[in-house]
Amino acid sequence: MASESEKGEVEIGIFRRFAEVAGWHCTEVAKQSPHEGKPDLKCRVNGELVYFELTEACSEDVAKAVASARQAELPDVEQVKDYTSATYRRKIMKRYAVSAPVELLIYNVGRTILSDEVLIENIKAISCRDKGQFRKVWYFGEHVTEL
């Protein structure tokens, strides 16, 4: 993405769709500065202040192919590395400078070869043991799933 402002607009749009599908009432969604040690978004959900860190379920292989417009050269599913689980492991190591609860939203906009089911199972296997600072971990693909 070209700028933090554009990234913020995309993340707010994704979060609003997620909240709508989850059936939540959000009265506030604001982009936070990553330079201040805060999660991506500050939200008021069903009356409660909650921060959200967002990350895309994205395969580096797919992102590179899409960026260079060579989609025909995508690797076989068996050869695809699960970058989402690796990203999750990095996210749970982070500490955020906020006192309100922090939740993680992993979203899929189609830039991965692995199915939602595979990604959910892989992340569940890790999140059942370690959620880091996150109160809850969510996956938003075809459906909303709490991990």
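Look at the range 101-134 and say how many of its residues are touching a residue at least 60 places away in the same chain (Cβ under 8 Å) and either in a strand (DSSP E or B) or surrounded by 21 or more Cβ atoms within 10 Å (Cβ to Cβ) (or both). Selection size over the range 101-134: 5.
Can you name the residue in the range 135-147 that is in a strand (DSSP E or B) and in contact with an Asp or Glu (Cβ under 9 Å, 6 or more places away or on another chain) and is also farthest from Asn108 (Cα to Cα) among such residues? Walk me through how you get there before you give the answer.
So the first thing to find is which residues in the range 135-147 are in a strand (DSSP E or B), and the list is 135-140, 144-146.
From what is left, the residues that are in contact with an Asp or Glu (Cβ under 9 Å, 6 or more places away or on another chain) are 135-139, 145.
On the way: Arg135: 21, Lys136: 17, Val137: 14, Trp138: 11, Tyr139: 8, Thr145: 12 Å.
Of everything passing the filter in the range 135-147, Arg135 is farthest from Asn108 (Cα to Cα).
Restricting the range 1-32 to residues that are without any contact (Cβ under 8 Å) to a residue 12 or more places away in the chain and not in a helix (DSSP H, G or I) leaves a set whose member that is nearest to Val144 (Cα to Cα) is Gly23. Among the residues making up the range 90-113, those that are out of contact with any Leu (no Cβ under 9 Å at 6 or more places or on another chain), closer than 24 Å to Glu142 by Cβ and at pLDDT 85 or above are Glu103, Val109.
Could you say whether any residue in the range 40-55 is within 24 Å of Ala125 (Cα to Cα), modelled with pLDDT under 95 and outside any helix (DSSP H, G or I)? Within the range 40-55 (the criterion being within 24 Å of Ala125 (Cα to Cα), modelled with pLDDT under 95 and outside any helix (DSSP H, G or I)), the answer is yes, since at least one residue qualifies. Considered as a group, the residues in the range 20-45 that are out of contact with any Asp or Glu (no Cβ under 7 Å at 6 or more places or on another chain) and aliphatic (A, V, I, L, M) include one that is nearest to Lys7 (Cα to Cα), and that residue is Ala30. When Arg135 is tested against the conditions (1) in contact with a Pro (Cβ under 8 Å, 6 or more places away or on another chain); (2) more than 23 Å from Val10 (Cα to Cα); (3) at pLDDT below 95, the lone failure is (3). For the range 86-133, enumerate the residues that are closer than 18 Å to Val144 by Cα, of a type in the set (Lys, Arg) and in contact with a helix residue (DSSP H, G or I) (Cβ under 8 Å, 6 or more places away or on another chain). Result: Arg111, single match.
The values are calculated or read from the model by the stated rules, or taken from the named source; none is laboratory data. The structure displayed is predicted, hence computed values, not measured ones. Note: ideal-geometry Cβ built from the backbone for every residue, glycine included; neighbour counts use all protein chains shown.
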